[in-house]
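**Q** Handing you this structure, nothing more for now.
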Amino acid sequence: ANSRKGVIPTGLDLDTSIGGGLAAKELGLVLAPTGRGKTAMMLNMAYAALLRGHKVTYISCELSEDALGARLDKLLMSAIRNMEEFLPIDVVSVVKKFGNSSKSRLMIREFPSRDLTVPKLQAYLKTLEATKKHKTDVLFVDYIGEMRIPTADREDLAYRQLASELRALANKFEIPVWTAHQMNRGSHEKLLLELGDISDSFALTYVMDVAFTMSAHPIEFAAGYQRLTLVKNRFGPTGTTIPVRFNGATQRFSSADTVSMNSAFRAKAIELNKEMPSELALGGNTKPY
């Protein structure tokens, strides 16, 4: 029997490979190069949890509360616009009212870079519970590399200790905890990202239950596509890769397939060929594989 409790889906196709999502007392990690959308990915997962009526706490050590709120607004408004195309206006009105009444389910808090520690995080979660009646169902920490790193002889050991402290927090509050980490320079050029591309600490993933990378050929990325690859999975095989589409205007990740991704790649490659000087042209090979 499955003993995992409180599983909260990510809203991604990866859910089918990780037992439906992340459960209470579990740690999840999003790995990507700079500028690839780690924050957008975690906001999409937070949004998926909100849609299911969960109380979400989102901690940022990088972006301001206003900036994060604006991104989530884009996600919400894009969903409402989609509904307006398919649903009667009275149904959309009910959904809008529900959204307005449900704002208390999301708490966003900004901490200065390198200031946040796990004890501070624990105190904040307790304060939310006591003063706001907000008992966190799922926690997002954006991101672990911007927290205060513990003192240790080696950086990898420091990150492992920090991840272990986050696991203890997940256990104490009996909630799933998602965080993110940055990958090596140059990894943005790679088609598939592996554990060796983690910039600071391979050891970080030892403590995680689930970890996935976000990767893309630069032309795929320009066309709005990426692939997610499971590099750590306590609940099934690793190596599963799924294509996703990202819309920067709405901040939304959505399901994609390899055929459409390859088609978009070829179209973008041809478009870039027209724009680039001849010495930078891609030549005849526009296949991503």
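**Q** Please give, to one decimal in nm, the separation of the simple spin-label points placed at residue 77 and residue 13, each 7 Å out from Cα toward the Cβ.
**A** It works out to 2.9 nm between the two label points.
**Q** Rank these by accessible area, largest first, 1.4 Å probe: 234, 4, 71, 227. Don't jump to the answer; show the numbers that get you there.
**A** On the way: 234 120, 4 45, 71 75, 227 10 Å².
Highest to lowest solvent-accessible surface, that is 234, 71, 4, 227.
**Q** Next up: Compute the FRET efficiency between residue 34 and residue 260 as 1/(1 + (r/R0)^6), taking r as their Cβ-Cβ distance and R0 = 30 Å, and round to the nearest 0.05.
**A** Working: r = 26 Å, r/R0 = 0.88.
About 0.70, to the nearest 0.05.
**Q** With a Förster radius of 41 Å, plug the Cβ-Cβ distance of residue 120 and residue 238 into 1/(1 + (r/R0)^6) and report the FRET value to the nearest 0.05. Kindly include the intermediate steps, with their values, before the conclusion.
**A** Working: r = 33 Å, r/R0 = 0.80.
In this case the efficiency is close to 0.80.
**Q** Pop a pseudo-label 7 angstrom from the Cα along the beta-carbon direction at both residue 271 and residue 105 and give the gap in nm to one decimal.
**A** Between residue 271 and residue 105, the simple spin-label model gives 3.5 nm.
**Q** If you don't mind, another one. Quote to one decimal, in nm, the extra length available between residue 131 and residue 172 on full extension: 0.36 nm per residue of separation minus the C-alpha distance between them.
**A** Details: separation 41, 0.36 × 41 = 14.76 nm, distance 1.91 nm.
Result: 12.8 nm gained on full extension.
**Q** Could you rank 109, 36, 52 by how accessible they are, 1.4 Å probe, largest area first? Write out the running numbers ahead of the final one.
**A** Numbers: 109 80, 36 15, 52 125 Å².
Most to least solvent-accessible, the answer reads 52, 109, 36.
**Q** Report, in listed order, any pair from 25/74; 5/74; 38/232 with a Cα-Cα distance greater than 24 Å. Show your work: numbers first, answer last.
**A** Numbers: 25/74 30 Å; 5/74 31 Å; 38/232 17 Å.
Long pairs (Cα-Cα over 24 Å): 25/74; 5/74.
The values are calculated or read from the model by the stated rules, or taken from the named source; none is laboratory data. Bear in mind the structure is a predicted one, so any value in this text is a computation, not a measurement. Glycine gets a Cβ as well: all are built from the backbone with ideal geometry, and neighbour counts include every protein chain shown. Side chains are part of the model used for accessible areas, which takes the heavy atoms of the whole protein and leaves out ligands, DNA and RNA. Shrake-Rupley method; radii C 1.70, N 1.55, O 1.52, S 1.80 Å.
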